[in-house]
């Protein structure tokens, strides 16, 4: 189990921002990792509502230069990605952070993760949830097809974005057959279904997020 930041407790929203039209919207993330002793802190910067992460600029990002820019221990480039929810509501410290330009692309810090050297940093382990510190509500509309991973403990993780990190040609139309491609651990199941009523995934300070082996990301329901 990853340890929680004691400051990341549930709080009533102090301000909110709603973004719509996100279904199949392209974005990218830069994950800035800093190590201090046995502790590891990862700050997640993404392009949501700022930039579409142009191919020419994204492909030229220099990890060494970004590492120097942030005085970081390690840099991870997480993208391109595409949302599969329809809209989102963000609040508290998930919004209002300064715009940061990295390699000509505009980003904002949207989330934090705190782990230890023993557990590694975000994305190091597949099908293992990370505790992501953010205040968000993912909204899936009726008629939207959602994609779910079911754990051996019958926990449901709903896809929040698909990734082109492993398969550069992966598209939205490919997702219903994803179960035939994934190398699911024993006891895990993939399924898709079309919603008859709205679905909201809430993270009031903490979201439990994991990656499959194509680095598509899912949040625990």
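No value in this document is a laboratory result; all are computed from the given coordinates. Just so it is clear, the model here is predicted, and its values are computed rather than measured. So basically every Cβ, Gly included, is an ideal-geometry build from the backbone, and we count neighbours across all protein chains shown.
Structure summary
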quantity	calculated
Answer label, with Rg and Dmax of the Cα atoms in Å calculated from the coordinates and candidates (1) 21.0, 62; (2) 18.0, 54; (3) 16.7, 49	(3)
For 83, 107, 70, order by how many other beta-carbon atoms lie within 10 Å, fewest first	70, 83, 107
Exposure proxy ranking, count of Cβ atoms within 10 Å, fewest first, for 112, 213, 71	71, 213, 112
Cβ crowding within 10 Å averaged over residues, with 129-137, 166-174 ranked highest first	129-137, 166-174
Computed lengthening from residue 124 to residue 188, 0.36 nm per intervening residue step minus Cα-Cα distance	21.2 nm
Relative exposure of 206, 33, judged by other C-beta atoms within 10 Å (fewest first)	206, 33
Structure-based [θ]222 nm, the chain - -39500 (n - 2.57) summed over DSSP H runs of at least 4, per residue, nearest 500	-1000 deg cm²/dmol
